[in-house]
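Student: Here it is, the structure, as structure tokens.
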Amino acid sequence: MFVQGDGWLDVPRSLTLWNDVFTGHKSTVAEGYWIDRPSASLPLLYVFTGAELADVLRTTGRQNEARSVSALTTQVAQTTGFGDIAQQLEQTFANPTGDSTGVPLNVPKTQSTEPTVVRKK
């Protein structure tokens, strides 16, 4: 999916990495604090990645997955001393998207990244 201002995001792969491969974000939360403020940009990469992934999941109607990613992202932000970012993430999910039945509105158009093959007749 194309994310305005950031480029292409492989949603299935990113979700797999977030849930099953990456461990830094979960380790940060388990530790309970980030002692080295000058290196806080490292866990912030998880915060920004998680926020973007959660937003894409939310806008495509995958609310449960989006809430799960957002909850962990918020925990990382709080643990590393970025409560203002955590608060903004929580507000995102306070404002529901979709119609009264939860069907997403304005679902972004997706486009394949595979090269097109032109076949001659």
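The values are calculated or read from the model by the stated rules, or taken from the named source; none is laboratory data. Since this is a predicted model, take the numbers as computed values, not measurements. Neighbour counts run over all protein chains shown; Cβ positions are idealised from the backbone, glycine included.
Student: Does region 84-103 contain at least one residue that is modelled with pLDDT of 90 or more and surrounded by 18 or more Cβ atoms within 10 Å (Cβ to Cβ)?
Tutor: Among the residues of region 84-103, not one is modelled with pLDDT of 90 or more and surrounded by 18 or more Cβ atoms within 10 Å (Cβ to Cβ), which makes the answer no.
Student: If you take the residues in region 11-25 that are in contact with a helix residue (DSSP H, G or I) (Cβ under 9 Å, 6 or more places away or on another chain) and more than 15 Å from Glu52 (Cα to Cα), which one is surrounded by the fewest Cβ atoms within 10 Å (Cβ to Cβ)?
Tutor: The residue in question is Gly24.
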